Every structure is written in C-alpha cells, then in structure tokens.
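Asker: Below are the structure tokens for one structure; questions will follow.
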Amino acid sequence: MSENVINTSLLRLEHIGKEFYGNRVLNDISFSIEAGEILGLIGENGAGKSTLLNILFGMPVINSTGGHEGRIYIDGQPVNFTSPQQALAAGIGMVHQEFSLIPGFTATENILLNREVLNGSLLRYLFGKRLATLDREAMRQRAMKAINTLGVHISTDMVVSEMPVGYKQFIEIAREIDRKHTRLLFLDEPTAVLTETEAEILITALKKLAREGIAIVFISHRLEEIKAFCNRIIILRDGNLITDQPANELSTKRIASLMVGRNNEQKDFYAEPIKLDKSEDKDEPDTSAPDSPDAKKKKKKKPALKVENLWVDMPGETVLDVSFEVMRGEIFGIGGLAGQGKLGIPNGIMGLYPAGGKVRVFGKKLHLNKPRNALNREMAFVSEDRRGVGLLLDEPLDWNITFTAMQMQGKFLLGIPHIFQIRNEIAMASEARKYIKALDIKCTGPSQKAGELSGGNQQKVCLARAFALEPNILLICEPTRGIDIGAKNLVLDTLRQYNKEHNTTIIITSSELEELRSICNRVAIVGGGKIAGVLPASAPAEDFGLLMMGQMRQQENENEEA
Amino acid sequence: MIRKFFDIVAANAVPAVFIIISAFAIPLSGFSTGYLIQELLTRIGRNAFLILSLLIPIMAGMGLNFGMVLGAMAGQIGLLLICDWKIAGIPGMLSACLIGTPIAIILGIFCGHILNRAKGREMVTSYILGFFMNGIYQLVVLYLMGPVIPITNPSLLLSRGYGVRNAVSLSGIRAQLDNLIPTVITGTEGTQQFLNINADSSFFLIQLPFFEGTIKIPLATFIVIALFCVFIIWFRKTKLGQDMRAVAQSQSVADSAGIAVNRTRIIAIVISTVLACYGQIIYLQNMGTLNTYNSHDQAGMFSIAALLIGGASVSHASIANVFVGVILFHLMFIVAPMAGKNLIGEAQIGEYFRVFVSYGVIALALVLHAWKRNREQEANRRTLREALKK
C-alpha cells in the first residue's frame with residue numbers, strides 16, 4: 001500500500017486529545033511517523049505517554065471512558081481501533097515495559113504464543129483449529145528467523161524463566177517482528193533492564209529493523225541513548241506536545257529541562273519555603289541528648305534515620321540497594337519516575353514488604369519486616385494505598401484516627417492493661433474532633449464512615465491517624481495523589497506546620513517533583529532501585545530532570561559543589 | 001547442594017513414605033504375590049480412568065478438580081436410568097454414558113463459570129460446589145425420581161413409592177467391560193487345572209513359567225484406559241493444550257496474546273467433568289453395586305489422594321503420577337487391614353488408614369504446594385536482586 005501513496009505518512013495523528021472524568025490528560029497532539037523512522041518519545045510520569053499509547057492501541061479503557069478527540073491515520077486512511085487485536089492486525093506492535101512472557105515456556109513457544117504453526121488434520125476441519133496439533137519444527141524455525149533478525153544468539157529451546165533479563169527483552173521484540181506485517185513498533189523503556197552491552201546490541205538490532213522499513217517509537221528515560229539512536233524527538237509535558245524536533249538539534253540538558261518544564265526563573269519560588277538548605281544548618285544541641293552515648297563520638301549530629309544497603313521486594317517498585325541519611329527535623333523528599341522503586345523505600349522501612357539491609361532510627365537498629373517494630377520506634381506511616389492499607393473504610397472516623405495509637409500505644413483505653421480494657425469512646429471522639437477541626441476534614445462528625453469521605457478528606461484522616469501517634473519520624477507516600485488542588489495545599493501546609501511545631505522528621509515520597517521541591521529540604525531521586533542522587537530543593541529543575549533520566553552520579557557531585 | 005537435596009526430598013516425599021509403609025506392611029499381611037497382583041490389576045482398572053480425568057484441569061492451572069464429583073453424579077444418574085430401563089451389558093454402559101454426557105457438560109459449564117469468578121481459589125470453590133451439587137443430586141434422586149422422572153422398576157425405589165434406594169445392584173453391567181475380552185495369566189502347572197474348572201468359556205490364555213495361581217486381567221478396561229492416555233498425550237500437543245499451559249502460567253499474558261482465557265478454563269473443566277462421568281461408570285461396573293448417596297463422594301476424595309500419592313502436585317501432574325499413585329494407594333489398602341489384623345488383631349485399622357491417609361495426604365500436598373511457592377518466590381527475589389545489582 002505504502003508504495004502507491006508516497007506522500008502519506010505511515011502513521012499520522014491529528015489533534016488527539018483525551019479527558020478522564022473532566023481531567024484533561026492529553027491536549028491537541030499532532031505528529032506523524034514515516035516508514036523506517038526512529039522516533040524518541042519523552043515525558044515525565046503523567047505527561048500523557050501511556051494515554052497516547054492506549055489510544056493508539058484501542059485499549060478498552062479509552063472506549064469505556066468516552067473515546068478520544070482527534071483522528072488517527074494509517075497510510076492516509078482514518079482508523080479507529082476499539083481493541084488491541086485490531087491495532088495488531090493493522091501492523092502496530094508493542095513491547096511492554098513489564099515482560100508479557102510466559103515464564104515456563106521456551107523462547108519458541110513465547111515468540112509464537114497464540115500464533116503457533118499447526119499441522120493440518122481432519123480434526124482441525126471438524127472441530128476448529130484449537131484441536132490441531134502444533135508443528136514444533138516449523139515453530140522453531142520461525143522463532144529462529146525472528147531471533148536472527150535481531151542479530152542475537154539465543155537458543156530457541158531455552159525456557160524464559162531461566163534467561164537473563166536482557167534476553168527476555170529480545171524475545172519480546174522477536175515476538176513482535178514475527179508478526180508478518182508489523183510496520184510500526186512501540187518500545188516502552190526497552191533498555192531500562194538491560195546492561196550496557198545488551199542495550200547496544202538491542203539498538204543495533206532496532207536500527208537494522210528500521211532500515212528494513214519498520215518505524216520505531218522508542219520511549220526511554222535514558223537521554224543519551226535517545227539522542228544517539230533516534231532521528232526525531234517528541235517531548236510531552238502535562239498532556240501537551242512541547243517539542244517535535246530532529247534529535248541532533250537538541251542537547252541532553254535542553255531535553256531534560258523541556259521535559260521537567262520548570263524554568264530557572266521559577267526557582268526562587270520553590271526555594272522560598274525551604275527552612276534548612278543543608279543538614280549543617282541545623283544546630284539544635286538537643287538532638288543527640290535522648291540517644292545512646294556513642295552519639296557523642298561523631299562530630300556531626302546523629303541522623304534521625306540512617307539507611308544502608310536497603311533492598312525491598314515490592315512488586316513493581318523493587319528497591320535494590322539504597323543508602324541515605326535523614327537529619328532530625330528535616331523534610332526529606334524521595335522522588336523519581338514510577339516503577340523505579342521510590343515507593344518501595346518507605347514501604348520496606350515500615351515492614352510492609354520483604355526487605356533487607358540496615359536501617360537505624362536515632363542510632364538504634366530497626367528490625368525490618370514487621371510493621372510493629374517500626375511503629376514501636378515512634379515512626380508513623382501514611383500509605384500510598386489509602387483505601388487498601390490506609391483506612392478501615394467501613395468504620396467511623398474516630399476509629400480510623402485513633403486505631404493505630406490504640407493498638408500500639410494503649411491510648412484511648414480504659415481499664416487494666418493486658419487484663420481487661422475497653423475503648424474510651426469519649427476520648428476517641430474528642431481526639432477525632434480535634435483533628436477534624438485542625439485539618440478541616442469535611443464530614444458529618446466523628447461517627448461518619450471513612451469510606452464515605454472524598455479522597456482529599458480521606459487523606460486528611462490518614463494524616464490525622466499518623467499525627468495521633470505523635471511520631472518522631474513520619475513517612476508519607478504520595479500525600480496529594482488523587483486529591484484536588486485546595487486539599488493539596490492544605491495537606492502540604494499541615495505537614496510543614498507539623499514539622500515546624502514538633503520538629504518531626506518527615507520523609508515524603510511523591511511522583512510530583514514540583515511538590516517535593518516546594519516542601520522538602522532535600523530531595524533524593526530514585527532510579528532503577530537505587531538513589532541516583534540527592535539534591536537540595538533549590539537545585540535547578542533540569543538537574544532533577546537529568547537525575548531522573550539516568551544521567552548518573554557525576555552530575556550529582558557537580559551539583560552539590562555548586 | 002543441601003537446598004537441592006531438600007528439593008528432591010520435598011518433590012518425592014509423599015510417594016517415598018508410601019513405598020516405605022508398603023514395604024513393611026506387605027510381609028506383615030502375609031498375602032501371596034499372585035493375590036496382590038490380581039487385586040492391584042482389578043483396582044487399577046477400576047480407578048485409573050477417574051484419576052486421569054483430573055489431569056486436564058491441573059494442566060490449565062486450576063488445581064485439583066474437586067468438582068469431578070459433579071461428573072460422577074452425572075454418571076450415576078445415567079446408571080440409575082439404564083437400570084430402570086433394564087439395558088444390560090456394554091449397550092447399557094454406552095447408554096449410561098450417553099445420558100451422563102449432556103448432564104456432565106451442563107454441570108461442567110456451570111462449574112467453569114463459577115470457577116472463573118473465583119480465580120485463585122478454584123480448589124476450595126470446587127470442593128464446596130461439590131457439596132452444593134450433592135444437595136441438588138439428592139433432591140433429584142430422593143424426590144424427583146418416581147413422581148417426575150418415571151422409574152418403573154420397583155426394586156430401585158424406596159418402599160414409600162418414590163426416591164431411589166440406598167444400594168442399587170448393577171447386576172446388568174457388572175464387570176461387563178472388565179470381562180469383555182477375558183484374559184487370564186496362569187502358571188504352566190495351573191493351566192490344566194484352570195481349564196478344567198472353566199471348561200465352558202473361552203479365554204485368552206497367557207502361560208508363564210514359574211508362576212503359581214491364576215490372574216484375570218480386565219483387558220478391555222485397560223484398553224479404554226490406554227486410549228485415554230493416548231488422548232491426553234495427543235491433547236497436550238494440540239493448540240488447545242498449549243493454550244491451557246499458557247493460561248496456567250499467566251492468565252494476563254495469555255489474555256494479552258489473544259487467548260480466550262475464561263473459555264479455555266471452562267473447556268478444561270467440562271472435559272474433566274465429562275471424563276469423570278465415564279470414569280465413575282467404569283468404576284461402578286467393576287464394583288457392581290451403586291451406593292446412591294455415597295459413591296460419588298468417595299470418588300473425588302480418593303482419586304485426588306491417589307494422584308497426590310503418585311507424586312503429583314497441585315500445579316503439575318503426569319500420567320506416570322496416576323499409575324504410581326493408584327498402585328501405591330491401593331497396595332496400602334489391600335495390605336493394611338491384614339497387616340493391622342496380624343499386628344494388633346484389629347482389621348478396622350485398614351478402613352481407618354484409608355480415610356486418615358486420604359485426608360492427610362491432601363492436606364500435606366496443599367501445605368507442600370504453598371511452601372514450595374513461597375520458596376520459589378524467595379529464590380526469584382534473590383536471583384533478581386543479584387542480577388540487577390551487577
């Protein structure tokens with residue numbers, strides 16, 4: 001088809017937009033891709049990349065929420081996919097970020113999954129193709145051909161679960177190119193799990209595919225790689241198309257700042273609320289007083305929280321090896337892209353997921369893997385999973401607010417400990433009322449059920465429960481996820497105020513860099529399960545951007561000197 | 001090294017325990033080899049088909065199909081009806097299958113749909129579903145048979161005029177399949193003696209030297225079982241079998257590859273239910289009597305126990321597991337009563353063992369399965385971390 005119409009692009013998007021429940025996530029996106037072109041697609045989390053891909057693939061989530069705006073053309077013909085199968089049939093292939101491979105199957109079986117070569121037989125004609133037997137030899141040859149196209153050597157009989165991570169990525173790509181008419185291949189962070197050599201082999205293979213006329217859309221957070229490999233770069237930010245330029249016209253730094261999108265002029269605004277720029281600024285002498293005598297051996301004050309070589313096995317948020325220190329009274333931010341492990345850090349410290357490594361709280365070792373241990377050390381946690389872990393949805397507010405304090409510290413109870421105790425409903429209700437007033441929780445009273453509140457008010461209840469513990473260290477995940485702007489500011493102000501009044505150490509994990517920079521003293525950026533770097537909040541936005549994009553530690557050091 | 005050793009032990013712990021128990025119990029029981037072989041062959045013929053019907057749901061990742069009881073009920077309804085209609089012999093068995101098949105298909109579809117709503121909890125769901133269906137079965141057999149479903153044969157009915165008796169004699173089809181191709185193994189010396197007794201019937205005679213006594217082989221039943229094994233081997237090679245293996249390992253991946261996950265799972269359960277129906281018919285033709293209200297209950301429990309004793313797990317089972325299981329399980333039941341009697345003068349211990357061992361083995365297998373899965377996760381975690389750290 002493409003030979004007849006020389007001037008039409010392989011894929012053209014015109015004015016694509018999408019709203020989810022009144023929330024605009026994509027706005028007027030137009031671009032096109034030619035055959036054999038390699039296009040880099042860059043954007044922060046929430047920039048709209050995944051929505052764009054969902055639209056292109058006809059994912060049911062798009063249709064069920066009212067479709068999208070704008071038009072998509074393939075070879076100049078308008079298309080409107082309503083299922084991923086249609087997109088596949090039109091020659092669009094997708095390699096997902098998570099491997100969609102069957103672990104116990106061989107490379108061959110995975111490459112030809114649901115496209116197996118079948119033997120002809122009488123039964124096949126009588127009962128349909130599902131009762132035909134597989135032609136293993138023909139399957140092996142087809143798999144071999146697909147693997148060879150990539151220029152790698154992987155045995156077709158190797159079981160996927162025994163493969164190194166890099167191989168799995170190749171198998172996944174081989175599966176896409178085995179489809180006879182795949183002409184456009186989307187790769188979502190294909191190199192994130194690869195070693196450098198593997199990434200090079202992959203890129204060579206992709207270039208080879210591009211020369212054969214397959215267009216490639218490459219989503220990656222490794223800027224250098226994108227710059228070196230792509231012909232053209234598209235940057236999305238907050239649902240808008242910011243840049244559509246040839247790769248050689250853009251510098252890495254420029255890409256980073258375009259992606260994060262905060263200009264240097266705005267820097268002062270974010271620097272404003274910062275009270276402590278660096279840990280040395282704090283000179284409260286009382287910090288080490290309550291601690292053990294070995295605190296005096298150190299010249300500096302003892303950190304409130306010291307984490308060494310922490311690993312956490314949290315699905316989708318694996319932490320590999322993380323070390324950092326948080327000073328007493330500091331607000332410490334943990335940022336980074338989704339899936340890089342930032343949420344795993346607080347969840348691991350609190351014992352919600354299997355974890356290992358050394359964690360010291362005010363100099364004393366914390367035994368991991370049991371939430372009770374962490375709570376006993378006067379740490380409080382506000383989970384990112386508000387409705388799952390955070391709240392007892394079917395219980396009233398006063399229960400929700402006082403529950404942990406009651407369980408852990410025996411507050412709000414009457415009677416003789418360990419023998420006979422009943423709840424002190426009056427004390428519970430008055431505690432709840434105190435927080436309802438202080439945090440402006442919109443509800444009918446302490447006896448309303450937590451599940452009936454809006455997201456923002458639920459978040460405030462979670463905070464209230466953490467405050468009721470009177471913690472020394474407060475860990476908060478995604479404090480403003482899914483709540484409106486008014487509630488957002490109130491939550492952040494409350495945290496700031498609480499930090500100021502009680503000198504509580506607060507560790508905030510958030511996907512919103514801007515938010516972290518506005519409230520934290522220092523922000524750590526997590527990438528690939530490790531800390532890519534720790535920057536003061538006043539550092540320029542593009543430095544944060546570079547850290548997120550895997551521009552490694554050399555920058556970090558330079559920035560800290562500056 | 002040590003870890004590997006433990007893995008091997010854990011994988012084969014159950015069969016090993018049974019081999020050890022049998023090794024002690026056989027000499028204690030004092031049974032002759034010929035008797036043991038005869039009993040084992042009979043019981044393999046009786047039970048193997050039922051156990052084989054469990055393999056396909058395991059292949060589709062749905063665990064042990066406690067819902068096979070549903071199929072057994074369908075088979076029994078077929079048998080009750082042919083008893084009433086007085087169709088005997090092989091035609092009787094075939095018509096029982098013919099009646100049972102549509103009932104089993106409907107029950108299988110029903111069961112499959114429910115299990116699709118209870119993903120990850122298939123085993124407990126199908127177990128309870130068996131109890132529920134038992135209630136409906138009792139309603140049909142106890143109240144509807146007679147007034148609604150015409151039953152004319154008074155020997156089937158309770159004295160009150162409706163409802164089926166607790167024990168129904170299947171004399172019309174008793175051992176019909178087993179004896180369809182009568183085959184006997186005898187020692188060289190015993191041949192003449194055997195022929196003298198059974199002069200009027202024709203037998204395939206296999207003579208073995210140095211062999212005492214005679215052993216009857218249910219050859220036709222074995223041929224049916226062999227055909228079933230061939231079916232399973234062939235089925236594994238089909239596209240549908242491949243799809244089931246994929247669904248078993250990752251429903252989400254299979255779904256994104258375009259495999260109709262729910263439909264595939266329903267097909268697996270339907271096949272299993274229908275085959276369990278045939279299995280129960282074969283089982284009962286060997287027994288010769290139908291315990292209207294109990295036979296199906298035991299079918300599920302003992303088949304699953306036998307399969308597990310053969311070394312199968314909740315997620316993996318082979319044809320070899322079936323035969324090892326059926327031999328070990330029944331060997332113990334043959335020898336345990338006598339061994340018990342000779343040891344402590346109490347034959348009841350055999351029946352005690354039967355129930356105790358069945359439930360114990362199922363519990364053990366479930367615990368081992370959970371333990372193994374935890375360990376695999378642990379190992380994955382370790383390797384992933386080490387691989388990524390580099």
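Bear in mind that the values in this text are calculations on the coordinates, not laboratory data. Keep in mind that what you see is a predicted model, and the values were worked out from it rather than measured. Cβ coordinates were reconstructed from backbone atoms using ideal geometry, including for glycine residues, and neighbour counts include every protein chain displayed.
Asker: Of all DSSP beta bridges in chain A, what percent run antiparallel (nearest 5)?
Answerer: Values: 47 of 83 bridges.
Here the share of antiparallel DSSP bridges comes out near 55 percent.
Asker: What is the distance in Å between the Cα centres of region B:312-371 and region B:81-97?
Answerer: So the two Cα centres are separated by 33 Å.
Asker: Calculate for the protein assembly as shown the 222 nm mean residue ellipticity that helices alone would give, adding -39,500 (n - 2.57) per DSSP H run of length 4 or more and normalising by residue count, nearest 500 deg cm²/dmol. Each step should come with its number before you reach the end.
Answerer: Details: 34 runs with 461 residues, N = 952.
Per the formula, -15500 deg cm²/dmol.
Asker: So what is Rg over Rh here for region A:29-134, counting just Cα atoms and using Kirkwood for Rh?
Answerer: Values: Rg = 18.1 Å, Rh = 17.0 Å.
Result: Rg/Rh = 1.06.
Asker: Just to verify a number: FRET efficiency for B:ILE90 and B:TYR359, C-beta to C-beta distance, R0 = 45 Å, to 0.05?
Answerer: Details: r = 36 Å, r/R0 = 0.81.
It comes out at approximately 0.80.
Asker: Moving to a separate point now. Taking Cα pairs under 8 Å and at least six residues apart, what relative contact order does chain A come out at, in percent?
Answerer: Working: 1120 pairs, mean separation 78.5, N = 562.
Once normalised by length, the contact order is 14 percent.
Asker: When Cβ neighbours within 10 Å are restricted to other protein chains, what is their mean count per residue of peptide B:229-238? Working shown, then result.
Answerer: Numbers: counts 0, 0, 0, 0, 0, 3, 2, 2, 6, 13.
The shielding value for this peptide is 3.
Asker: Follow-up question, since we're still on this one. Expressed in nm², what is the orientationally averaged projection area of the convex hull enclosing the Cα positions of region B:1-110? Don't skip to the end; give the middle numbers.
Answerer: Values: hull surface 44.3 nm².
Hull-based average projected area comes out at 11.1 nm².
Asker: Let me ask something else about it. Residues with beta-carbon under 9 Å from that of A:LEU26, excluding A:LEU26: net charge, scoring Lys, Arg +1 and Asp, Glu -1?
Answerer: Working: positive: A:LYS18, A:ARG24; negative: A:GLU19, A:ASP28, A:GLU69.
Taking every Cβ under 9 Å from that of A:LEU26, the sum is -1.
Asker: Among bridges DSSP assigns within the protein assembly as shown, what percent are antiparallel (round to 5)?
Answerer: Details: 57 of 99 bridges.
Bridges in the protein assembly as shown that DSSP calls antiparallel: roughly 60 percent.
Asker: Same structure again: Could you compute the FRET efficiency for A:ARG179 and B:ARG263, with r as their C-beta to C-beta distance and R0 at 30 Å, rounded to 0.05? Let's see the in-between values first.
Answerer: Values: r = 23 Å, r/R0 = 0.77.
Once the sixth-power term is evaluated, E becomes 0.85.
Asker: Take the Cα atoms of region A:101-178, build their convex hull, and give its volume per residue in Å³. All intermediate terms of the calculation are to be shown ahead of the outcome.
Answerer: Details: hull volume 6.2 nm³, N = 78.
Output value, Cα hull per residue: 80 Å³.
Asker: Please sort B:121-132, B:139-150 by packing, taking for each peptide the average over its residues of neighbouring beta carbons within 10 angstrom, highest first. It would help to have the intermediate numbers written out before the result.
Answerer: On the way: B:121-132: 18.3, B:139-150: 14.8.
Highest to lowest by the protection proxy: B:121-132, B:139-150.
Asker: Relative to the compact-globule scaling 2.2 N^0.38 Å, provide the ratio for the alpha-carbon radius of gyration of region A:305-383. Show your work: numbers first, answer last.
Answerer: Working: Rg = 11.6 Å, N = 79, 2.2 N^0.38 = 11.6 Å.
That works out to 1.00 for region A:305-383.
Asker: Next question, about the same structure. Nearest 5 percent is fine: what portion of the DSSP beta bridges confined to region A:386-524 is antiparallel? Working shown, then result.
Answerer: Details: 5 of 10 bridges.
Of the beta bridges lying entirely in region A:386-524, close to 50 percent run antiparallel.
Asker: Taking a 32 Å limit on the Cα-Cα distance, which of the listed pairs A:LYS18/A:LYS145; A:LYS168/A:LYS460; A:LYS49/B:LYS372; A:LYS18/A:LYS370; A:LYS168/B:LYS237; A:LYS208/A:LYS342 fall beyond it?
Answerer: Numbers: A:LYS18/A:LYS145 40 Å; A:LYS168/A:LYS460 43 Å; A:LYS49/B:LYS372 40 Å; A:LYS18/A:LYS370 43 Å; A:LYS168/B:LYS237 25 Å; A:LYS208/A:LYS342 36 Å.
The pairs that break the limit, which is 32 Å between Cα atoms, are A:LYS18/A:LYS145; A:LYS168/A:LYS460; A:LYS49/B:LYS372; A:LYS18/A:LYS370; A:LYS208/A:LYS342.
Asker: Hey, another quick one. Would you mind computing, in nm to one decimal, how far apart the modelled labels at A:GLN85 and A:HIS153 are, each placed 7 Å from Cα along Cα→Cβ?
Answerer: 4.0 nm
Asker: Let me ask you something else. Please compute the net charge surrounding A:ASN373, taking Lys and Arg as +1 and Asp and Glu as -1 over other residues with Cβ under 12 Å from its Cβ. Numbers along the way, then the final one.
Answerer: Numbers: positive: A:LYS364, A:LYS365, A:LYS370, A:ARG372, A:ARG377; negative: A:GLU378.
Value of the local net charge: +4.
Asker: Now, a different point. Per-residue mean of other chain beta-carbon atoms within 10 angstrom of the beta-carbon, peptide A:159-169? Could the numbers behind the result be given before it?
Answerer: On the way: counts 0, 1, 4, 1, 0, 2, 3, 1, 0, 0, 0.
Mean shielding count: 1.
Asker: Calculate I(q)/I(0) for region A:15-72 by the Debye formula, one identical point scatterer on each C-alpha and no solvent, and give its log10 at q = 0.21 Å⁻¹ to two decimals.
Answerer: Listed by q, the Debye log ratios stand at -0.85.
Asker: How many angstrom separate the Cα center of region A:25-97 from the Cα center of region A:220-244?
Answerer: The distance from the Cα centre of region A:25-97 to that of region A:220-244 comes to 16 Å.
Asker: Using the Kyte-Doolittle scale, which helices in chain B average at least 0.0 and also have C-alpha atoms spread 20 Å or more along the helix axis, with helices defined as whole DSSP H runs?
Answerer: Working: long enough: B:2-29 (38 Å, 1.61); B:33-52 (27 Å, 0.70); B:68-85 (26 Å, 1.62); B:89-117 (42 Å, 1.45); B:122-139 (25 Å, 0.82); B:219-237 (27 Å, 2.17); B:261-287 (39 Å, 1.00); B:295-309 (21 Å, 0.97); B:319-344 (37 Å, 1.82); B:348-389 (61 Å, -0.30).
Answer set is B:2-29, B:33-52, B:68-85, B:89-117, B:122-139, B:219-237, B:261-287, B:295-309, B:319-344.
Asker: Summarise the long-distance tail of P(r) for the protein assembly as shown by giving the % of C-alpha pairs beyond 39 Å.
Answerer: Values: 261877 of 452676 pairs.
Counting every Cα pair in the protein assembly as shown, those more than 39 Å apart make up 58 percent.
Asker: With viscosity set to 0.692 mPa s at 37 °C, what whole-number translational diffusion coefficient in µm²/s follows for chain A from Stokes-Einstein and a Kirkwood radius over Cα pairs? Show your work: numbers first, answer last.
Answerer: On the way: Rh = 26.3 Å.
This corresponds to a translational diffusion coefficient of 125 µm²/s.
Asker: Can you give the Rg and Dmax of region B:32-310 based on its C-alpha atoms, in angstrom?
Answerer: 20.8, 69
Asker: Enter the Cα centre distance for the pair region B:23-52 and region A:127-170, rounded to the nearest angstrom.
Answerer: Between the Cα centre of region B:23-52 and that of region A:127-170, the gap is 45 Å.
Asker: Within 10 Å of each Cβ in A:304-311, how many Cβ atoms from other chains are there, averaged over the peptide?
Answerer: Details: counts 0, 0, 0, 0, 0, 0, 0, 5.
For this peptide, the per-residue mean of nearby foreign Cβ atoms is 1.
Asker: Give the peptides A:420-427, B:309-316, B:248-255 in descending order of average Cβ contacts within 10 Å, highest first. Write out the running numbers ahead of the final one.
Answerer: Values: A:420-427: 13.0, B:309-316: 21.5, B:248-255: 19.0.
Ranking the peptides A:420-427, B:309-316, B:248-255 by packing returns B:309-316, B:248-255, A:420-427.
Asker: Just order B:158-166, B:325-333 by mean Cβ neighbour count inside 10 Å, highest at the front, would you?
Answerer: Averaged packing, sorted descending, gives the order B:325-333, B:158-166.
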